[in-house]
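What follows is a single structure, written as structure tokens, with notes after it.
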Amino acid sequence: MTVKIKFLFVFSLLIVLSCKKKKEQTPNVATVETIRIEVSPKFGTSAFHLDSVYQTPEGYDVKFTDIIFYVTSLKNGNSVLSNAALFNLRSTGNLLLETNANHASFNQLQGFLGVESTLNHADPSAFPTNSPLNIMNANTMHWGWNPGYIFFKIEAKLDTINDGNPLFDHQIAFHVGTDNAIQSLSSSNLTWNLTGGKYVNTWTLDMLTFLNDGVQSIDLKTENFTHSGTGSEVLTQKVSDLFKSAVQMN
Amino acid sequence: MKYLLVIFVFILLFLGCRKDKVFFETTPYALEIPSHFPQMQIPTENQLTEEGVLLGRFLFYEKRLSGDNSQSCASCHSPLAAFSDPNQYSTGIDGIQGDRNSMALINLGWQTFFFWDGREKTLEEQILQPVINPIEMHESWKNAINKLKADEKYRNLFFRAFNTQDFDSTHASKAIAQFLRTLVSATSKYDIMYKSIYGFTLTPQENTILASVTPDEWAGYDLFKSLNGADCFHCHNGPLMQINTFSNNGLDANPLDFGRELVTNNPNDRAKFKVPTLRNIEFSAPYMHDGRFATLEEVINHYSSGIQMSATIDPNIEYASQGGVQLDATQKSLLMKFLLTLTDHEFINNPKFQDPN
């Protein structure tokens, strides 16, 4: 009997020990920061929204319907923050990019407004599936091998007759691309604010500055269309310069 | 203690006598993604298997999915017509016609929405619709599944594909979706031209095809992607020969079919329709969402001089206000020659895509 009791005791002990949950070891992981760049659109001193009506410096009513642009090769010296980011106000709101990085390494940034040449003519199917340059993500922002990507796309509708009838029958389409239209970006004193556990840097996009930056201006009634092709080089360059003026890294 | 021993022996006997459950191990389907294509995003819950694709192929050609057992998916998506319908409108089992042309089923694994108005976001959801549509196959899925369950062949096919005897419409749609994702077209003359432009290493056979591309075909391609030429490439480019978006391509000044607006209720989407691929366009006539153009010549004439302005006209159509890109007869001929390079005979005639019965 004693032997049986001892046997039962040992057997029970083995079962209990085998069922005991192993204590999980806490991995020694370095803290990873999430940093995020947002673009805050405005129209002069007013808040900006797609499909809302604003007045151009020439007095016409305009409704912007799409603002999409690429930023590529964002880095501080040799530290790369992002190879490519795609801003699409209608589909992704204010977000330009969000990634894991140490914000202190990016108090300065250089990059391009548009797609730099080495990326612009690469096979668009070969980029990783999560890259904004992959053809499935680029979608309407890719033309083909020779012109490459559309660097930025601004579409709007204009009402040129102030008669109270909101006709908005003039189409505005600025589709700017090709290597000559690339613009450089840089800032030497970026501000990162810790918000909701993320370090956020906010750029501004002033669509009033896009229409008139003090140096040059676009009259949307007469200058309303470019696909960056032959014959529209001057307007393409002007639109490209004005868009660069409108985008401000902070 | 003795009782414990007896109980223990009984448990052992019970476990030892339990019947083994029959279980079929599915075989992953090795879908070859063409080198110049982006990766296909396949839903994790419906990965391709040999068994699933085979079942889907049978179901695609299965007429018992329709109310009177007279129509299958293939009735309106014929392989010989690039998996579309050569009729302007398809006619359902009750003799009622729809009001849109059947879309060609090509490279569906890269699409992000389905139907001309994009009302379904996944292939699996799209597949469920034609069976129950009263002007198409007009059958309830319950009846359709019951007919399949009465057939031993299907009981085995479903069991091998999904390890269940209690299959339903979701299993059927998953299987058809698997089959449709294998319908990859990537072996046209255009593919060789595209790969050569992007610097892909070509096989000797591909180099032979490249050498056969005529100067007129290259000139047609130049026109196709020229801003001051035919200007087609805004909506039709890349290996898929399409972009995933909706467009009003200037068919009507006062459109009767509101297209995408019927889904979104947004007037800015009026008369916008899914941009289709141009692959195998030689075989997918008639053209446009309503099949109004019987020939490619009519399509080219539309973009050349037939564009109608309306509030939602696609801003990519640069010369819309002039009625189109104004091609002359020579340019139209060159453009036609390029469009025919998009024909993929290997795809059209692929035995794996044909009726298995």
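The values are calculated or read from the model by the stated rules, or taken from the named source; none is laboratory data. Predicted model, so just to flag it, every value in this text is computed and none were measured. Cβ sites come from the backbone with ideal geometry, for glycine too, and all protein chains shown count toward neighbours.
Take the residues of the stretch A:187-245 that are at negative phi and among the small types (Gly, Ala, Ser): which is modelled with the lowest pLDDT?
Filtering the stretch A:187-245 for residues at negative phi gives A:187-195, A:198-213, A:215-227, A:229-230, A:232-245.
This time we only want the ones that are among the small types (Gly, Ala, Ser), so: A:187-188, A:217, A:229, A:232, A:240, A:245.
Details: A:187: 93, A:188: 91, A:217: 97, A:229: 87, A:232: 90, A:240: 97, A:245: 97.
Among those that are at negative phi and among the small types (Gly, Ala, Ser), it is A:229.
Could you pull out every one of the strands (runs of 3 or more DSSP E) wholly within the stretch A:180-245 that has 3 or more residues that are polar (S, T, N, Q)?
Working: elements: A:183-187, A:193-195, A:198-206.
In the stretch A:180-245, A:183-187, A:198-206 are the strands (runs of 3 or more DSSP E) which contain 3 or more residues that are polar (S, T, N, Q).
Could you please let me know if residue B:197 is over 23 Å from the mean Cα position of the chain (by Cα), surrounded by 15 or more Cβ atoms within 10 Å (Cβ to Cβ) and over 27 Å from residue B:98 (Cα atoms)? Don't jump to the end; show me each part of the working.
Working: over 23 Å from the mean Cα position of the chain (by Cα): yes; surrounded by 15 or more Cβ atoms within 10 Å (Cβ to Cβ): yes; over 27 Å from residue B:98 (Cα atoms): yes.
Taking the combined requirement at face value, the residue satisfies it.
Of all residues in the stretch B:236-265 being of a type in the set (D, E, K, R) and in contact (Cβ under 8 Å) with a residue 60 or more places away in the chain, which is nearest to the other protein chains (Cβ to nearest Cβ)? Even if it seems obvious, please write down each step before you answer.
If we filter the stretch B:236-265 for residues that are of a type in the set (D, E, K, R), which is where we start, we get B:252, B:257, B:260-261.
When the remaining residues are screened for being in contact (Cβ under 8 Å) with a residue 60 or more places away in the chain, the result is B:257, B:260.
Values: B:257: 22, B:260: 15 Å.
Within the stretch B:236-265, the match that is nearest to the other protein chains (Cβ to nearest Cβ) is B:260.
Out of all the residues in the stretch B:208-235, which are more than 14 Å from chain A (Cβ to nearest Cβ) and either closer than 17 Å to residue B:320 by Cα or not charged (D, E, K, R) (or both)? Can you show your working first?
The first filter runs over the stretch B:208-235 and keeps only residues more than 14 Å from chain A (Cβ to nearest Cβ), leaving B:208-217, B:219-220.
Across the stretch B:208-235, the qualifying residues are B:208, B:209, B:210, B:211, B:212, B:213, B:214, B:215, B:219, B:220.
In the stretch B:100-119, is there at least one residue being farther than 28 Å from residue B:344 by Cα and not hydroxyl-bearing (Ser, Thr, Tyr)?
Yes: the stretch B:100-119 contains one or more residues that are farther than 28 Å from residue B:344 by Cα and not hydroxyl-bearing (Ser, Thr, Tyr).
Hey, could you check the stretch A:134-154 for residues that are among the small types (Gly, Ala, Ser) and in contact (Cβ under 8 Å) with a residue 12 or more places away in the chain and say which is nearest to residue A:96 (Cα to Cα)? Walk me through it before giving the result.
The initial filter retains those residues of the stretch A:134-154 that are among the small types (Gly, Ala, Ser), namely A:138, A:144, A:148.
Add one more test, that the residue is in contact (Cβ under 8 Å) with a residue 12 or more places away in the chain, and what stays is A:138, A:148.
Working: A:138: 14, A:148: 21 Å.
My answer is A:138.
Could you list all residues from the stretch A:156-173 that are acidic (Asp, Glu) and either without any contact (Cβ under 8 Å) to a residue 60 or more places away in the chain or within 9 Å of chain B (Cβ to nearest Cβ) (or both)?
Within the stretch A:156-173, A:163, A:169 meet the criteria.
Do we find that residue B:90 is surrounded by fewer than 16 Cβ atoms within 10 Å (Cβ to Cβ) and either within 14 Å of another protein chain (Cβ to nearest Cβ) or on the phi < 0 side of the Ramachandran plot (or both) in this structure?
Details: surrounded by fewer than 16 Cβ atoms within 10 Å (Cβ to Cβ): no; either within 14 Å of another protein chain (Cβ to nearest Cβ) or on the phi < 0 side of the Ramachandran plot (or both): yes.
No: the conditions fail for residue B:90.
Return the residue satisfying two criteria in turn: it lies in the stretch B:270-279 and is within 23 Å of the chain's Cα centre (by Cα) and of a type outside the set (Gly, Ala, Ser), and of such residues it is nearest to the other protein chains (Cβ to nearest Cβ). Outline the logic, then answer.
Within the stretch B:270-279, the first condition is being within 23 Å of the chain's Cα centre (by Cα), and the residues that meet it are B:271-279.
Those left that are additionally of a type outside the set (Gly, Ala, Ser): B:272-279.
Working: B:272: 13, B:273: 15, B:274: 13, B:275: 9, B:276: 15, B:277: 13, B:278: 14, B:279: 15 Å.
Within the stretch B:270-279, the match that is nearest to the other protein chains (Cβ to nearest Cβ) is B:275.
Which numbered condition trips up residue A:131, out of (1) small (Gly, Ala, Ser); (2) on the phi < 0 side of the Ramachandran plot; (3) without any contact (Cβ under 8 Å) to a residue 24 or more places away in the chain?
(3)
Yes/no matrix, rows are residues, columns are (1) of a type in the set (Gly, Ala, Ser); (2) outside any loop (DSSP other than H, G, I, E, B); (3) in the same structural domain as residue B:177 (by TED's automatic domain parsing); (4) more than 24 Å from residue B:292 (Cα to Cα):
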| site | (1), (2), (3), (4) |
| --- | --- |
| B:56 | yes, yes, yes, yes |
| B:59 | no, yes, yes, yes |
| B:74 | yes, yes, yes, no |
| B:86 | no, no, yes, no |
| B:89 | no, no, yes, no |
| B:105 | no, no, yes, no |
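Could you run through the stretch B:104-157 and say how many residues are more than 16 Å from residue B:176 (Cβ to Cβ), of a type in the set (D, E, K, R) and crowded, with 20+ Cβ neighbours inside 10 Å?
So the answer is 1.
The conditions are (1) out of contact with any Lys or Arg (no Cβ under 7 Å at 6 or more places or on another chain); (2) more than 30 Å from residue B:27 (Cβ to Cβ); (3) touching a residue at least 12 places away in the same chain (Cβ under 8 Å), and residue B:132 fails exactly one of them. Which is it?
(3)
Among the residues of the stretch B:203-227 satisfying the criterion of being within 18 Å of residue B:328 (Cβ to Cβ) and either hydroxyl-bearing (Ser, Thr, Tyr) or not assigned by TED's automatic domain parsing to the domain that holds residue B:316 (or both), which is surrounded by the fewest Cβ atoms within 10 Å (Cβ to Cβ)?
So, considering only residues that are within 18 Å of residue B:328 (Cβ to Cβ) and either hydroxyl-bearing (Ser, Thr, Tyr) or not assigned by TED's automatic domain parsing to the domain that holds residue B:316 (or both), the one surrounded by the fewest Cβ atoms within 10 Å (Cβ to Cβ) is B:226.
Scan the stretch A:48-100 residue by residue and report those that are under 30 Å from residue A:162 (Cα atoms) and of a type in the set (Gly, Ala, Ser). Please lay out each step first, then the result.
Initial filter on the stretch A:48-100 (under 30 Å from residue A:162 (Cα atoms)): A:48-68, A:89-90.
Selection gives A:52, A:59.
Just a yes or no: is a residue in the stretch A:222-239 in contact with a helix residue (DSSP H, G or I) (Cβ under 9 Å, 6 or more places away or on another chain), closer than 26 Å to residue A:103 by Cβ and surrounded by fewer than 19 Cβ atoms within 10 Å (Cβ to Cβ)?
No, the stretch A:222-239 contains no residue that is in contact with a helix residue (DSSP H, G or I) (Cβ under 9 Å, 6 or more places away or on another chain), closer than 26 Å to residue A:103 by Cβ and surrounded by fewer than 19 Cβ atoms within 10 Å (Cβ to Cβ).
Just name the residue that is nearest to the other protein chains (Cβ to nearest Cβ) out of those in the stretch B:325-343 that are of a type outside the set (Ser, Thr, Tyr) and without any contact (Cβ under 8 Å) to a residue 24 or more places away in the chain. Walk me through how you get there before you give the answer.
We begin by selecting, within the stretch B:325-343, every residue of a type outside the set (Ser, Thr, Tyr); these are B:325-329, B:331-332, B:334-340, B:342.
If we keep only those that are without any contact (Cβ under 8 Å) to a residue 24 or more places away in the chain too, we end up with B:326, B:328-329.
Working: B:326: 14, B:328: 18, B:329: 23 Å.
Per the criteria, the residue is B:326.
Across the stretch A:37-66, which residue is nearest to the other protein chains (Cβ to nearest Cβ) among those that are of a type outside the set (Ser, Thr, Tyr), in contact (Cβ under 8 Å) with a residue 40 or more places away in the chain and in a loop (DSSP other than H, G, I, E, B)? I'd like the intermediate steps shown before the answer.
Filtering the stretch A:37-66 down to residues of a type outside the set (Ser, Thr, Tyr) leaves A:37-39, A:41-44, A:47-51, A:53, A:55, A:57-59, A:61-64, A:66.
Narrowing the set further to residues that are in contact (Cβ under 8 Å) with a residue 40 or more places away in the chain leaves A:37-39, A:41-44, A:48, A:50, A:53, A:57-59, A:61-64, A:66.
Now narrow it down to the ones that are in a loop (DSSP other than H, G, I, E, B): A:44, A:48, A:50, A:57-59.
Working: A:44: 25, A:48: 18, A:50: 10, A:57: 22, A:58: 21, A:59: 22 Å.
Across the stretch A:37-66, the extreme among qualifying residues is A:50.
Check the stretch B:315-336 and report whether any residue there is among the acidic types (Asp, Glu), within 26 Å of residue A:170 (Cβ to Cβ) and at pLDDT below 95. Write out each step before concluding.
Just the residues of the stretch B:315-336 that are among the acidic types (Asp, Glu), to begin with: B:318, B:328.
From what is left, the residues that are within 26 Å of residue A:170 (Cβ to Cβ) are B:318.
Filter again for at pLDDT below 95, leaving B:318.
Checked the stretch B:315-336: at least one residue is among the acidic types (Asp, Glu), within 26 Å of residue A:170 (Cβ to Cβ) and at pLDDT below 95.
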